[in-house]
Every structure is written in C-alpha cells, then in structure tokens.
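Enquirer: Before we start, here is the structure in question, set down as structure tokens.
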C-alpha cells in the first residue's frame, strides 16, 4: 500500500465518494466545538459583568478621621441617643415623650458595622422614618463611623429586625 492509498482517494477515482461525507462530518464537529467554546465564553462574560458592576457600586466605607468621630458622637447624641443607649456617647436611650417613642435597643453590648448602621438609619425601621430626612449623607456616614468604632469590641453582632421596607419598595 502506497502513501497515496492511505490518504483520501483522488477526486473522480473509485471510492472518492466515501471520503466526502467524513470530511464534512469532521468540519461539523470542529465547528460545533468552536460554537461550544464561544457559548461558554459568552456565558462567562454575561455572568462576570453584572457581578463586577454590583461589586463596584457597593458603598465604600471611608477611613474615619478624629473630626468625623467627634462629629459622629455629637450627631449620635442629637439624633440617636434619645432612643438608643450608648455609653461612649453618654446617651441613655429613654425614648421620646413628645413623639411617644419607646427606647430602642441599647448598643452597649451590640457590635454594629458601618453598613448596618447606615441601613438602620435610612430604612423605615420603627421610628427611623423621620431621622433619614433630618440628616445629610455625610452626617449619616459620620454617625455610622462613630458607632462602628465604639461598638467594635462588643460581643453580640447586631442585625436589623422589625423592618418595614414598603417605603423603599414602593408599597
């Protein structure tokens, strides 16, 4: 058997018709493999892009300066301390008789993160409905930096309970 015999038969030679479907089949396999790779890559990009955008849009906690912490302490006493006890701010948290509010949870044993503090201020959580309109975003951040710093060593991680998200969700 010569080299010519092992290769495809020459066009027009006997048996030439048998090689044509095999060649077409091989090209279809190669093409379908390329399509699979392209589909996998497109899917990967479709998944990575939204995750990257969501990660980039996440609020970034600023580094606390002494001025921000001092301002945060004063703001805590003014806006939060009537309802929420916090020893570091000399706040006793008795509630407000004029607004008929009960004391909120004491933060003396809770560990409150910056993100959670911001969420608690801006979401409609039993009594916080009016606070968010009285404070600027900078003030909210300063209070949150202060609360996070002074509660960092507390044993119990804080979490939000009793939230009414209807104002946020349009309900």
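The values are calculated or read from the model by the stated rules, or taken from the named source; none is laboratory data. Everything numeric here is computed off the predicted structure, so don't read it as measured data. With ideal geometry, Cβ positions are generated from the backbone for all residues, glycine too; neighbour counts draw on all protein chains shown.
Enquirer: Assuming residue 145 fulfils every condition listed in (1) at pLDDT 90 or above; (2) in contact with a helix residue (DSSP H, G or I) (Cβ under 9 Å, 6 or more places away or on another chain); (3) not in a helix (DSSP H, G or I) apart from one, which condition is it?
Expert: Failed condition: (3).
Enquirer: Given the criterion under 20 Å from residue 157 (Cα atoms), at pLDDT 85 or above, surrounded by 15 or more Cβ atoms within 10 Å (Cβ to Cβ) and in contact with a strand residue (DSSP E or B) (Cβ under 8 Å, 6 or more places away or on another chain), identify the matching residue among 107, 86. Lay out the reasoning, then the answer.
Expert: Values: 86 fails: in contact with a strand residue (DSSP E or B) (Cβ under 8 Å, 6 or more places away or on another chain).
Just one listed residue meets the conditions, 107.
Enquirer: Further question: Got a sec? Which of 68, 74, 8 is at pLDDT below 60 and surrounded by 10 or more Cβ atoms within 10 Å (Cβ to Cβ)? I'd like the intermediate steps shown before the answer.
Expert: Numbers: 68 fails: at pLDDT below 60; 74 fails: at pLDDT below 60.
Checking each option against the conditions leaves just 8.
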